[in-house]
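Trainee: Take this structure, written in structure tokens, and hold onto it; I'll ask about it next.
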Amino acid sequence: MGKETFLGTVQDVKGTTVSVALSDGSLTGFVYINGQGYRSGQIGSFIRIPIGFMDLFGVISQVGASAVPESQIVNQPHGNRWMTIQLLGEGQRNGSFQRGISQYPTIGDEVHLVSENELERIYGQPDKPYFVKLGHIANAESIPALVDINKLITRHSAIVGTTGSGKSTTVASILNAISNKKDYPSSRVIILDIHGEYGHALGDRANIYKINADKSREKELYIPFWALNFDELCEISFGAFNDEKDKNIVLERIHKRKEESLVKYPRQGASLDSLNVDTPIPFNLHHLWYELYLETFATYYSKGRTGRPIDNVAFEIDSEGNELKGNPKEGVPPVFRNVKNDKDDEEKINYLPGTLNIGKQLSLLGSKLRIPRYNFIFKPGNNWMPEEDGKITKDLDELLKGWIGSDRNITILDLSGVPSDILHTVIGVLLRLLYEALFWSRDLSQGGRHRPLLLVMEEAHIYLNDEFKGMASKIVQRIVKEGRKYGIGAMIVSQRPSEINPTILSQCGTFFAMRLANSTDRGQIIAALPDNLEGLTSMLPVLRTGEAIILGEAVKLPMRTLITAPPKDRRPDSQDPIVYDEVVDEKSQYPGGWATKMEIDPKYEELIEAWRAQNPKISRISKKE
Amino acid sequence: MKRDHVESSNVESIGYDTSTRTLEIAFLNGAVYQYFDVPEAMYTEIMNPGISKGEYLSRNIKGSFRYSKV
């Protein structure tokens, strides 16, 4: 090996930390190898220590005075000829590289700069189809940044970075690469898109499920209430119960309805013996609600009638003489007459004996059955809305097939229309449905083991910061701990890693760390990193936009990578609004901003329309083809 | 809405719906907007080959009509 790559010699070895005394020659800073210029001693750049037939590889973490070993401080007070190195792995001379080291360097071993040719040997295996190219190594444009999708998917990953550091672009770039039908005809990705950013970027490769969908390019998102388990259903519909007794009454009623439904419409795989309240069997919640409402609030004619009290309910009568019986399907509660116990009046009205104590819960559910925002759960379209006896036209298979078994590899679940009070639970439900379906079907060709699923969780800090109290964080914890075995991989994307539970973060095998300015966030990431890489992580605050340090299992060596952004029309819709466009108005591709004058008739009624409809696309938009 | 391709440094294509008086502009970056209640005469004018689309848009449409991203 040439003299020109020589940096210095090993002077001190402590674990994987190696102190190197720089040679006089290498201090010039700039060397040429095969016509390529290199700056020697750059923090974060790689070095090589030849030992016999092996090469040890490491990364420079410190250069200059503070890198002097403690024992040398007295001898070399101006010890600027030192650097500290973190060892990473070793390689055979023929180029194969592996993590971990089998032997240590000793005093006097030579330390060399790693040239682009050598880097290429370590990083580059572009001919292997299980590597996807996301960009190129930051200081070497010719070397592609390759990520092993085997490890990326099954060992989970995290993409972290400050707002504007290029996270969404990185996600889009990864998804663009793995949704390529030519190389990966059966890839399978679900994106939980909380702000509706990805529809635009992946429109032609993805199915978009959304509440209040624009039918021309999106599908309506439904999560049938009967697919929820009991805890999830309570969380979304009834809220908390006063005591265990009330809860058990509701539990029994649901169980009974599911049982009746199953008897009438048997379903393969479910039997009466194994049925429990959590089994996803269709039942009619609306009628259950009505029944419970009656039992809780009803009054009855207590004198002079035959039959049970429940047969003599005292409904209020409206001005036209109709009984106000309400409407279970629409969530309209019945109205009852007041209790009457007058001395001279023959008509006596009383509360039903043994009324339930769940009035608050029923009122809450009633209002949810009426509010259109909750329709995606409580009125899940004509297909998944059970009739009173539990009859449905389509079962869960159709729902799951739409999400993970369609002709398109990516499914975007756009959750921007989910009411924020139930967002955590809805995410928890979605993830649990997917997890359970793929877990139990693990031996089938469409199961998780044979067709793994990548779950991309955008803005994960929103629902993973609650110490596993919420449904979402509980199931995510389960996925990151056990998903690997069943082919369910998580990709956690966040700008606030410090708000994500460390247990979840520490299970991520691969990190895409983008610029992170906040020191708490940085600390959290450094603590979770699989490698001992002070040198690289110290660069986190100064990374450029679109630059990421990729480290962990999916890459051979940590790489500082410039991510190639997808084409302009494939970028996610997370760009900041433009306040004042930098180009002149005649060339601007932006119709608004502070530089444009106000229109004469801005029609604020349309603004309110969008708000009320909870849909940014107003009805005025012309849909004519 | 059907749009016709135009030569311009910022506009990709332009369409118009007579019944709802809606002008649809697609910019080169892929973003599509609908301007509401635009007179048909203005559509005819902007489609005139001699007219610079960006300039016409800036002078007569931006800031004069309300719009929505579609």
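The values are calculated or read from the model by the stated rules, or taken from the named source; none is laboratory data. Here the structure is a predicted model, which is why all the values come from computation and not from measurement. Reconstructed Cβ throughout: ideal geometry from the backbone, glycine too, with neighbour counts over all protein chains shown. All accessible areas refer to the heavy atoms of the entire protein, side chains included, with ligands and DNA or RNA removed. Shrake-Rupley method; radii C 1.70, N 1.55, O 1.52, S 1.80 Å.
Trainee: Give me the residues in region B:1-45 whose solvent-accessible area, probe 1.4 Å, is reduced by at least 50 Å² once all protein chains are included instead of the chain isolated.
Mentor: Buried by the other chains: B:M1, B:N29, B:F36.
Trainee: Can I ask one more? Which one, A:P380, A:I578, A:Q92, projects farthest toward the positive side of the charge dipole computed for the protein assembly as shown from Cβ point charges (K/R +1, D/E -1)?
Mentor: A:Q92
Trainee: Assuming a strict under-27 Å limit between Cα atoms, what lysine pair count do you get for region A:330-446 once near-sequence pairs (fewer than 8 apart, same chain) are dropped?
Mentor: Lysine pairs meeting the criterion: 12.
Trainee: Same structure again: Below 8 Å, C-alpha to C-alpha, sequence gap of six or more: please give me the relative contact order for region A:458-606 in percent.
Mentor: Dividing the mean separation by the residue count of region A:458-606 yields 16 percent.
Trainee: Roughly how big is the A-B contact, given as buried accessible area in Å² (both sides, 1.4 Å probe, nearest 100)?
Mentor: 2400
Trainee: To the nearest 20 debye, what is the magnitude of the charge dipole of region A:388-490 about its Cα centre, counting +1 on the Cβ of each Lys and Arg and -1 on the Cβ of each Asp and Glu?
Mentor: It comes to approximately 560 debye.
Trainee: What's the percent breakdown of Cα-Cα distances in chain A across 10 Å bins, shortest bin first?
Mentor: Each 10 Å bin holds this share of Cα pairs: 3, 13, 20, 19, 16, 12, 8, 5, 2, 1, 0, 0.
Trainee: Once you treat every alpha carbon in chain B as an equal point and sum by Debye, what is log10 I(q)/I(0) at q = 0.17 Å⁻¹?
Mentor: -0.52
Trainee: Let me ask something else. Give, rounded to the nearest 20 debye, the magnitude of the charge dipole that chain A has about its Cα centre when Lys and Arg contribute +1 at Cβ and Asp and Glu contribute -1 at Cβ.
Mentor: So the dipole magnitude of chain A works out to roughly 1100 debye.
Trainee: Write down the accessible area per residue of chain A in Å², having rolled a 1.4 Å probe over the full set of protein chains.
Mentor: 48
Trainee: Moving to a separate point now. What angle do you read, to the nearest 10 degrees and between 0 and 90, between the alpha-carbon axis of helix A:167-178 and the longest principal axis of chain A?
Mentor: 90
Trainee: Then there is this: Which value results for Rg/Rh of region A:389-522 when Rg is the Cα radius of gyration and Rh the Kirkwood radius based on the inverse mean 1/r?
Mentor: With Rh from the inverse mean 1/r over Cα pairs, Rg/Rh is 0.99.
Trainee: A further question follows. Please name the residues of region A:583-604 whose accessible area, counted over protein heavy atoms with a 1.4 angstrom probe, falls by no less than 30 Å² between the chain alone and the full protein assembly.
Mentor: SASA drop of 30 Å² or more in region A:583-604: A:D585, A:E586, A:K587, A:Q589, A:P591, A:K597, A:E599.
Trainee: Okay, moving on. Please give the Cα centre distance for region A:590-606 versus region B:1-18, rounded to the nearest Å.
Mentor: If you average the Cα positions of each part, the centres end up 21 Å apart.
Trainee: Where Lys and Arg each count +1 and Asp and Glu each count -1, what net charge lies around A:P129 among other residues with Cβ under 14 Å from its Cβ?
Mentor: Surrounding charge for A:P129 is +1.
Trainee: Return the carbon/sulfur percentage of the accessible area of chain A, one whole number, probe 1.4 Å, all protein chains in place.
Mentor: For chain A, the apolar C and S fraction of the accessible surface comes to 49 percent.
Trainee: Give the carbon-plus-sulfur fraction of the accessible surface of chain B in %, rounded to a whole number; probe 1.4 Å, heavy atoms of protein chains only.
Mentor: 49
Trainee: Here is a follow-up. Which value, in Å², gives the accessible area per residue of region B:3-69 when a 1.4 Å probe is used on the protein heavy atoms?
Mentor: Result: 41 Å² per residue.
Trainee: Treating only the Cβ of Lys, Arg, Asp and Glu as charged (+1, +1, -1, -1), what charge dipole size does region B:3-69 show about its Cα centre? Round to the nearest 20 debye.
Mentor: About 260 debye.
Trainee: Where the centroid of each part is defined by its Cα atoms, how far is region A:353-368 from region A:485-502 in Å?
Mentor: Region A:353-368 and region A:485-502 have Cα centres separated by 38 Å.
Trainee: May I pose another question? Of all trypsin sites (Lys or Arg not before Pro) in region A:411-477, which ones are in loop regions per DSSP and have a Cβ with at most 15 other Cβ atoms within 10 Å?
Mentor: Those satisfying the criteria are A:R442, A:K469.
Trainee: With each run of n ≥ 4 DSSP H residues scored as -39500 (n - 2.57), what mean residue ellipticity at 222 nm is computed for chain A after dividing by its residue count and rounding to the nearest 500 deg cm²/dmol?
Mentor: One gets -7500 deg cm²/dmol as the mean residue ellipticity at 222 nm.
Trainee: Let me ask another. With point charges of +1 on the Cβ of Lys and Arg and -1 on the Cβ of Asp and Glu, referenced to the Cα centre of the protein assembly as shown, which listed residue (A:I143, A:N248, A:L233) lies farthest in the positive direction of the dipole?
Mentor: A:I143
Trainee: With unit charges on the beta carbons (Lys and Arg positive, Asp and Glu negative) and the dipole taken about the Cα centre of region A:184-300, which residue among A:F297, A:I281, A:A213 sits farthest to the positive side?
Mentor: A:A213
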